[in-house]
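To start, the structure under review is shown below, and the notes come after it.
The values are calculated or read from the model by the stated rules, or taken from the named source; none is laboratory data. This one's a predicted model, so the numbers in the text were calculated from it and none came from an experiment. Reconstructed Cβ throughout: ideal geometry from the backbone, glycine too, with neighbour counts over all protein chains shown. Heads up: the accessible areas ignore ligands, DNA and RNA and are worked out on the full protein's heavy atoms, side chains in. Shrake-Rupley method; radii C 1.70, N 1.55, O 1.52, S 1.80 Å.
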Amino acid sequence: MRLLLPLVPALALTGCTEPTQGPAPTPGFPNRCGPEYDVMVGRNIGEFRLPPGLPHRIAQPGAALTEDYNAARLNVFVDDKGWVQKVECW
């Protein structure tokens, strides 16, 4: 037990690192909802990284969606395998 006590502070500090940033957003996508996102249709959602400030939701088949209107929000509708069926701003 005495041998393990000096390791406790060292182990506690291992979680104190700076978070790494994820991949950069897909080039060409603005930070707002618009027709530029139509290029997603027919491709897999995993190919895209949306801008961090863009309000969005990804709707899978059978998912319940709220009916609140937000013209700035991108709604991405995918099939059960992640292929984008349509995109809408609402």
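Being in contact with a Lys or Arg (Cβ under 9 Å, 6 or more places away or on another chain) and not polar (S, T, N, Q) narrows it down to one residue among VAL84, VAL39, VAL78; which is it?
Result: VAL84 is the single residue among VAL84, VAL39, VAL78 that is in contact with a Lys or Arg (Cβ under 9 Å, 6 or more places away or on another chain) and not polar (S, T, N, Q).
Scan the stretch 37-46 and give yes if some residue there is modelled with pLDDT under 90, within 17 Å of the chain's Cα centre (by Cα) and open to solvent by less than 90 Å² (accessible area, probe 1.4 Å), otherwise no.
For the stretch 37-46, residues modelled with pLDDT under 90, within 17 Å of the chain's Cα centre (by Cα) and open to solvent by less than 90 Å² (accessible area, probe 1.4 Å): absent.
Residue-by-condition table, conditions (1) out of contact with any strand residue (DSSP E or B) (no Cβ under 8 Å at 6 or more places or on another chain); (2) part of a loop (DSSP other than H, G, I, E, B); (3) modelled with pLDDT of 90 or more:
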position	(1), (2), (3)
LEU5	yes, yes, no
ALA12	yes, no, no
CYS33	no, yes, yes
ILE58	no, no, yes
ALA63	yes, yes, yes
THR66	yes, yes, yes
LYS86	no, no, yes
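Could you tell me how many of the residues in the stretch 62-85 are open to solvent by less than 90 Å² (accessible area, probe 1.4 Å), of a type in the set (Asp, Glu) and under 18 Å from GLU47 (Cβ atoms)?
1
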